[in-house]
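Below: the structure, in structure tokens.
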Amino acid sequence: MKNRLLNKIVARCVRALRRHLFANSSALAIVIIAAVVTNGQLPVRDYRRAHERQILDEFTRLLAIPNVASDRQNIRRNAEFILEMMQRRGLRPRLLETATKESPPAVYGEWITPGATHSIVLYAHYDGQPTDPKQWTGTLPWQPTWRSAALESGGRIVTLADNGQSIDPEWRLYARSSSDDKAGVMAILTAFDALKAKGITPSLNIKFIFEGEEEAGSPHLGEIIDLHKDLLAADAWIICDGPVHQSGRKQVVFGVRGDTNVDVTVYGARRPLHSGHYGNWAPNPAMLLARLLASMKDDSGRVTIGGWHDGVEPLGEAEQKAIAEAPAYDDELRSQLGFSRAEGAGKSLLELINQPSLNINGMSSGDVGALARNVIPTTATAVLDLRLVKGTDHVRQVQKLIDHIRRQGFYVIDRDPTDDERKQHPLIAKVITRPGGYNAERTRMDLPISLAAVTAVQATSTQPIVRLPTAGGSLPLSIITDHLRTVTMTVPIANYDNNQHAENENLRLQNLWDGIETMAAVMTMKPKF
């Protein structure tokens, strides 16, 4: 009797939550949310609390396997480890290979509900960014290490107890891909464990796919989808990747920026020259490259390449409203990150991530530090990161970059110059587009599946969640929608200060615990198709 009454109350709360979902937070909304959390999330939380050590042991074993996409042997070890994880769970997994089987496989599994007529795909990726172990402090990228807090806050190395003692949720797990994105793999599979153990059955068919070369630009994802279209068809793909909002609130993100990367190399003399004997006479490629790069942005940080912002699809009213309602956090972020003036001529971070950007990932010319020598180097190279938004195209954007380089007087080629070209052209730039570029993607925020996802995530939090039209990062969502008739959304779980893509990547434990509950809620959502 009590359970039936509680279920009726919760059902009323959910209906009220839907009505208030896109309004500003209120005391009523918080009460509604708390009621849903109590009913829907306690079984998942109870399961997690009873299995914390088991969850973390499996997670650290996964993190210990090196996972750079170009490392074929180890990336396949990752795929096979995840395959075994899913086999133990009865998810009928299989490896989805490309035709040549030379690229990393995707790992697929499914949870089929008898009578269900709709399905969703839950996606995460198991590969990570390349990294230099020498840049890591106090640990190594594939040696998972626990710390009592963030390293910058003085977190000390700690060890998990064997006696079932509770684990501090503020502890951080340091390892490559601890947050980006093996955390997504672990949260999804543990959410399945909890629901299955508690006898909670979704109303949708749930499909799982874990990709192995997202950080390399997903160059083979389209081929994998085409080879397995029926298997991967779904009403929506829900992506578990990226950080929660900087305020700590959970969020649902309806789009991502596109991405492509370009190497630009300029040339000096054929051999290094003594800077005293030849300085002020022989061209210095580092200086040439610095001037070239400086010509691409103005003092406010706006890209000055011709046509760079052409075609940008403006945000709609609902999307602008969502940005306006998001927590204002720029001042706090600047303080944390240690700089006084942001780029963007006074626009907020959330406004600027809805504009196409140009970033210098890294530069190289000669040596620095103890290896610095008095020489004029032979070449200088920069790796440029081009982020795109809806309405821009990655191929056209690269061409705009090349056209700009030509307007600065450079002879542009896609290989090293010949002797004749060196003699004929005073300024030479080799421009190479890296494989794996793709465009931006954005889903409408008012679709039934969109509303259902927001309701599900909101039901796991006592704070109003953040809804954003676009994330600052990039994911291959346009590849998915180009090859399938579906929509995509991102439900991130990692802490925003996780150092993803950099040294000392980490995951705050409470974010993993919260992520498990979030993924369980997504699996059990009930959209009105």
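The values are calculated or read from the model by the stated rules, or taken from the named source; none is laboratory data. Values in this document were obtained by computation on a predicted structure and should not be read as measured data. Please note: Cβ atoms are built from the backbone with ideal geometry, for glycine as well, and neighbour counts cover all protein chains shown. Quick note on the areas: whole protein, heavy atoms, side chains included, nothing else; ligands and nucleic acids left out. Shrake-Rupley method; radii C 1.70, N 1.55, O 1.52, S 1.80 Å.
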Task: Condition broken by Val375, with the remaining ones in (1) closer than 25 Å to Tyr438 by Cβ; (2) in contact with a helix residue (DSSP H, G or I) (Cβ under 9 Å, 6 or more places away or on another chain); (3) of a type outside the set (D, E, K, R) satisfied - done: (1)
Task: Candidate set: segment 142-179, residues that are touching a Pro at 6+ places or on another chain (Cβ under 9 Å) and open to solvent by less than 10 Å² (accessible area, probe 1.4 Å); chosen: the one nearest to Met519 (Cα to Cα) - done: Ser179
TODO: Hey, can you tell me all the residues within segment 417-439 that are part of a loop (DSSP other than H, G, I, E, B) and either open to solvent by 100 Å² or more (accessible area, probe 1.4 Å) or without any contact (Cβ under 8 Å) to a residue 40 or more places away in the chain (or both)?
DONE: Thr418, His425, Pro426, Arg434, Pro435
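This table checks each residue for (1) open to solvent by 10 Å² or more (accessible area, probe 1.4 Å); (2) part of a helix (DSSP H, G or I); (3) under 22 Å from Gly128 (Cβ atoms); (4) among the hydrophobic types (A, V, I, L, M, F, W, C).
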{"position": "Ala191", "(1), (2), (3), (4)": "no, yes, yes, yes"}
{"position": "Ile206", "(1), (2), (3), (4)": "no, no, no, yes"}
{"position": "Phe210", "(1), (2), (3), (4)": "no, no, yes, yes"}
{"position": "Asp226", "(1), (2), (3), (4)": "yes, yes, no, no"}
{"position": "Leu231", "(1), (2), (3), (4)": "yes, yes, no, yes"}
{"position": "Ala234", "(1), (2), (3), (4)": "yes, no, no, yes"}
{"position": "Ile238", "(1), (2), (3), (4)": "no, no, yes, yes"}
{"position": "Asp241", "(1), (2), (3), (4)": "yes, no, yes, no"}
{"position": "Arg249", "(1), (2), (3), (4)": "yes, no, no, no"}
Task: Filtered residues of segment 212-224 (kept if open to solvent by 20 Å² or more (accessible area, probe 1.4 Å) and in a helix (DSSP H, G or I)) - done: Glu215, Ala216, Glu223
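This table checks each residue for (1) surrounded by 23 or more Cβ atoms within 10 Å (Cβ to Cβ); (2) modelled with pLDDT under 95.
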| position | (1), (2) |
| --- | --- |
| Ala452 | no, no |
| Thr455 | no, no |
| Thr481 | no, no |
| Leu484 | no, no |
| Ile493 | yes, no |
| Ala520 | yes, no |
| Lys526 | no, yes |
Open item on the list: Considering only residues that are of a type in the set (Gly, Ala, Ser), open to solvent by less than 90 Å² (accessible area, probe 1.4 Å) and not in a helix (DSSP H, G or I), which ones fall in segment 66-92?
Closed with: Ala69, Gly90
Open item on the list: When the residues of segment 313-348 are narrowed to those that are in contact (Cβ under 8 Å) with a residue 12 or more places away in the chain and within 23 Å of Leu293 (Cα to Cα), which ends up surrounded by the most Cβ atoms within 10 Å (Cβ to Cβ)?
Closed with: Ala342
Task: Odd one out for Met445 among (1) under 17 Å from Gln397 (Cβ atoms); (2) touching a Pro at 6+ places or on another chain (Cβ under 8 Å) - done: (1)
Task: Any chance Arg271 is of a type outside the set (Gly, Ala, Ser) and under 17 Å from Pro356 (Cβ atoms) - done: no
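Table: residues versus (1) β-branched (Val, Ile, Thr); (2) touching a Ser or Thr at 6+ places or on another chain (Cβ under 6 Å).
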position	(1), (2)
Val253	yes, yes
Asn261	no, no
Val303	yes, no
Asp310	no, no
TODO: Might you check whether a residue that is assigned to a loop (DSSP other than H, G, I, E, B) and in contact with a helix residue (DSSP H, G or I) (Cβ under 6 Å, 6 or more places away or on another chain) occurs anywhere in segment 510-527?
DONE: yes
Task: Qualifying residues in segment 117-141 (those that are touching a Leu at 6+ places or on another chain (Cβ under 7 Å) and either modelled with pLDDT of 95 or more or part of a strand (DSSP E or B) (or both)) - the one surrounded by the fewest Cβ atoms within 10 Å (Cβ to Cβ) - done: Pro133
Open item on the list: If Leu95 satisfies all but one of (1) assigned to a loop (DSSP other than H, G, I, E, B); (2) of a type in the set (A, V, I, L, M); (3) free of Cβ contacts under 8 Å to residues at least 60 places away in the same chain, what's the number of the condition it fails?
Closed with: (1)
- [ ] Mind telling me which of the residues Thr260, Thr265 ends up being within 30 Å of Gly128 (Cα to Cα) and in contact with a Lys or Arg (Cβ under 6 Å, 6 or more places away or on another chain)?
- [x] Thr265
TODO: List every residue pair whose Cβ atoms sit under 8 Å apart, with the two residues 6 or more apart in sequence or on different chains, where the first one lies in segment 445-458 and is closer than 17 Å to Thr470 by Cα and polar (S, T, N, Q) and the second, anywhere, is modelled with pLDDT of 95 or more and in a loop (DSSP other than H, G, I, E, B).
DONE: Ser450/Phe254; Ser450/Thr443; Ser450/Arg444
- [ ] Name the single residue, out of those in segment 276-297 being open to solvent by 50 Å² or more (accessible area, probe 1.4 Å) and small (Gly, Ala, Ser), that is farthest from the chain's Cα centre (by Cα).
- [x] Gly276
Open item on the list: Given the criteria open to solvent by 70 Å² or more (accessible area, probe 1.4 Å), over 19 Å from Ile516 (Cα atoms), small (Gly, Ala, Ser) and modelled with pLDDT under 95, does Ser26 qualify?
Closed with: no
- [ ] Within segment 458-468, identify whether any single residue is part of a helix (DSSP H, G or I), under 30 Å from Pro527 (Cα atoms), β-branched (Val, Ile, Thr) and in contact with a helix residue (DSSP H, G or I) (Cβ under 7 Å, 6 or more places away or on another chain), and answer yes or no.
- [x] no
Task: Test set (1) among the hydrophobic types (A, V, I, L, M, F, W, C); (2) closer than 16 Å to Val262 by Cα; (3) over 22 Å from the mean Cα position of the chain (by Cα) - Phe339 fails condition number - done: (2)
